[in-house]
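Engineer: Take a look at this one; I'll ask things after.
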Amino acid sequence: MSAVSMARSQRGKKKRDAKRKEALHEIALRKASSDFAPPGFDAAEAGTFEEGDDDAAFSELQPGGRKRKLVLGLALLPFCVIAAVTLFELFFRATVDGRFWRTEGFWFFTFGCGLWMVMGWFRVRPAWLYVFAHEFTHAITARLSGATVHRMHIAADGGYIETDKSNWFITLSPYLVPLYTVVVFAVYGLLSAFVDMHRPVEFTIPLFGWVAWLKWVWAVYFLVGLTWCFHLTFTIEVLHTEQSDLRQNGEFFSIMLIFIVNLALIGGLFIAASPTVGWVDVWRDARHMVGALLHSLVEVARMLRGSA
């Protein structure tokens, strides 16, 4: 290595060390700030980042970036409205039909959600599990974005990661991806290659001698409901108390993106479990809604032109 290269390497190392110290200092300032409100579940703090050379650490959007993200958020708004109304209509139709309520998927998913609600009622909510999922998702998406993760800290009262890059994908990923639900689906896909998850399995209950049966897929439905509610409730609480990730990407854009991705997730689960609703129904209803919306806009435009 030449003397020039060694000097550049040493300068780069000093710069990275300085940025790392700045990151830790900023974390301490955020926690000491009067407007930092720890969540009710023991402060599962949002991830923090050490930025690269092109960005200032923990900076909010500049005016130009704020305008671009606002435009993107406004562009997502009609998709959010159309997706929400479409899902509500399809759910209502399945409810009236009645067959959806009799599916195994619905009941065991509901049992999983119900267990999480009961745990919340008795204040049994392991915050450190959410902190781990939150920061680990930050770390995974940072690596997928080509960043280097220098450090990851996990504790019951919060956590953070240090990385040399930050973007909307990294900062918002924990709110978009229910990590434990993804793990459940991954395990299900792996086991399905070797075991028929839908085949009834008989077993005898000890002491009583009763013969019962179950399907392994019931456990999948149950765990999906439990982990999805876990993700949803903690996400709402973190967004309510700690919004640095949102400010960094534009609050309106971030909320629109988080809303539509989570809606797509629950919509996909609903369609997979429903015997009467499929993706064709989603496309048909959404297309009909878009057509009706465009027709209404044209009529409004004509009225305004006529009044002028």
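Engineer: If you plug each phi of region 180-186 into the Karplus form 6.51 cos²θ - 1.76 cosθ + 1.60 with θ = phi - 60°, what whole-Hz ³J(HN,Hα) values come out, in order, with x for Gly and Pro?
Structural biologist: In residue order, the calculated couplings are 5, 5, 4, 5, 4, 5, 5 Hz.
Engineer: Excluding Thr137 itself, what net charge comes from residues whose Cβ is under 12 Å from its Cβ, given Lys and Arg +1 and Asp and Glu -1?
Structural biologist: -1
Engineer: With θ taken as phi - 60° and the coefficients 6.51, -1.76 and 1.60, list the Karplus ³J(HN,Hα) couplings across region 300-307 in order, rounded to whole Hz; mark glycine and proline as x.
Structural biologist: 5, 4, 5, 5, 5, 5, x, 6
Engineer: What distance in nm lies between label points placed 7 Å from Cα along the C-beta direction at Leu115 and His288?
Structural biologist: 3.8
Engineer: Which cross-chain or sequence-distant (5 or more) residues have an amide H under 5 Å from the amide H of His150, H modelled 1.01 Å from N in plane?
Structural biologist: For His150, whose amide H was placed from the backbone, the distant partners under 5 Å are Glu162, Thr163, Asp164.
Engineer: Also: Going by C-beta contacts inside 10 Å, put Asp157, Asp245 in order with the fewest on the left.
Structural biologist: Asp157, Asp245
Engineer: Residues in region 68-84, backbone N under 11 Å from the label point at Glu299 (7 Å along the Cα-to-beta-carbon vector): list them, ranges by number please.
Structural biologist: In region 68-84, the label zone of Glu299 (backbone N under 11 Å from the point 7 Å along Cα→Cβ) covers no residue.
Engineer: PRE reach from Phe79 (point 7 Å along Cα→Cβ): which of region 168-206 fall under 20 Å by backbone N?
Structural biologist: Counting only backbone N, you get 168-178.
Any read-out appearing in this document is the output of simple, stated calculations on the displayed coordinates, not a laboratory observation. Bear in mind the structure is a predicted one, so any value in this text is a computation, not a measurement. No Cβ is skipped: glycine too gets one built from the backbone with ideal geometry, and neighbour counts run over all protein chains shown.
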